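Accompanying notes for the structure given below.
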Amino acid sequence: TSTPRKMDFGFPDIFGMSKAKEDDVLGEDLIIPMDKPISIEANFQVLPHPEKVSWGGEDAVFLKGRTFGVFDGVSGADKISGVALYSKTLASYMRKLVSNDGLTIDELIGFLTSAAEYADIGATGASTAVIGSIGEDGFLRALNLGDSVLLVLRDGKVVSRTKEIVHFFDCPYQLAEDSPDRPVDSTLLKTRVYPGDVIIAGSDGVFDNLADDEIIRIVYSCPEKSNAMARKIIEQSRIVSLDKEAPTPYAKSAKGRRGYDSYAKGLGGKVDDISCVVVRCT
């Protein structure tokens, strides 16, 4: 008989997206393994900003067992030379903390909180975070703090998507020693996944440049291998980011805003670090 794993805390609304506040608590989040848990095949790709190639850029990712994450270093944050970046510290510490098993919502929040507290002490800069875990019960659980995105594709459609959370345009929620934002402020997602589903988690370097429809086209035109999908998403994101006439999600949002004159026509890519994790459910 399978034994459910649980934490002592409640979990927020599992059927939608919400901030992890106490008044959202509905009950305990349990992982009761299926007789035959979904298998996964996953890979990631990271491509630094062209001007940051020599030192690897500010994006970081981790992938361990059934859990993964993307951490987008905030380029505008103050940084101390010679000190480890906040985003990369989060990724390396999360890799140490998590096991190969699927995690509950509470565990995701708890581990990210521990990683942020560790980074507060020994790292510099700031970072957004999107992390997900595929439970042995067939559910994907995810949290998002900032403007990165995780989405689930099924039969050529987006069937589930995390919600970005920002203070204002170009100022996402972010983790840093001096930031009021914490993992408990994240938007949450819990959704069932099935064999054949493709999960994509990416920094805004992907989703500022590629609309969901373009990501769908890329995924379903690639061989059924996560590495090929991730590589093509990254490559196309970079191509579009350098195109000043490309219709992009970022340009559409920036159009008409003060200080964004180069996007006055609603066209143009956004050059950035680019990273994504692709997970195939099999």
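Along the axis of the charge dipole computed for the chain (Cβ charges of +1 for Lys and Arg, -1 for Asp and Glu, origin at the Cα centre), the listed residues His49, Tyr93, Leu112 are led at the positive end by His49.
Each label was represented as a point 7 Å from its Cα along the Cα-to-Cβ direction; for Ala211 and Trp55 these points are 3.7 nm apart. Between helix 105-122 and the chain there is an angle of about 50 degrees, using the helix long axis and the longest principal axis of the Cα atoms.
For percent of Cα pairs over 32 Å apart, the value calculated from this model appears in (1) 20; (2) 61; (3) 30 under label (1).
Once the mean 1/r over all distinct Cα pairs of the stretch 53-106 is inverted, what Kirkwood radius in angstroms do you read off? Every distinct Cα pair counted, the radius reaches 12.4 Å.
Here the stretch 49-122 is assigned +1 on the Cβ of each Lys and Arg and -1 on the Cβ of each Asp and Glu. Its dipole about the Cα centre then comes out at about 300 debye. Here the stretch 180-282 is treated with +1 on each Lys and Arg Cβ and -1 on each Asp and Glu Cβ, and its dipole about the Cα centre works out to around 100 debye. Of Leu188, Cys171, Ser203, which is farthest on the positive side of the dipole of the chain, counting Cα position, with +1 on Lys and Arg Cβ, -1 on Asp and Glu Cβ, and the Cα centre as origin? Towards the positive end, the residue furthest out is Ser203.
Taking the Cα centre of the chain as reference, the dipole from Cβ charges on Lys and Arg (+1) and Asp and Glu (-1) amounts to some 760 debye.
Checking every one of the GluC sites (Glu not before Pro) in the stretch 210-282 against DSSP loop status and a limit of 11 other Cβ atoms within 10 Å picks out Glu245.
Could you give the angle, 0 to 90 degrees to the nearest 10, between helix 86-97's Cα long axis and the longest principal axis of the Cα atoms of the chain? Roughly 20 degrees between the two axes. Counting only protein heavy atoms and a probe of 1.4 Å, the accessible surface of the chain is 52% carbon and sulfur. I'd like the FRET efficiency for Ala264 and Ser221, computed as 1/(1 + (r/R0)^6) with the beta carbon distance as r and R0 of 35 Å, rounded to 0.05. Once the sixth-power term is evaluated, E becomes 0.60. Between the Cα long axis of helix 212-221 and the first principal axis of the chain there is an angle of about 70°, rounded to the nearest 10. A viscosity of 1.567 mPa s and a temperature of 4 °C, combined with the Kirkwood radius over C-alpha pairs in the Stokes-Einstein formula, give the stretch 170-282 a diffusion coefficient of 82 µm²/s. In this simple spin-label model, placing a label point 7 Å from the Cα along the Cα-to-Cβ direction at both Tyr194 and Val166 gives a separation of 3.4 nm. Straight Cα distances below 17 angstrom link Lys265 to the lysines Lys244, Lys252, Lys255, with same-chain residues fewer than 8 positions distant left out.
The values are calculated or read from the model by the stated rules, or taken from the named source; none is laboratory data. The structure displayed is predicted, hence computed values, not measured ones. For neighbour counting, all protein chains shown are included, and Cβ atoms are generated from backbone atoms with ideal geometry for every residue, glycine included. Note: areas computed on protein heavy atoms with side chains; ligands, DNA, RNA excluded. Shrake-Rupley method; radii C 1.70, N 1.55, O 1.52, S 1.80 Å.
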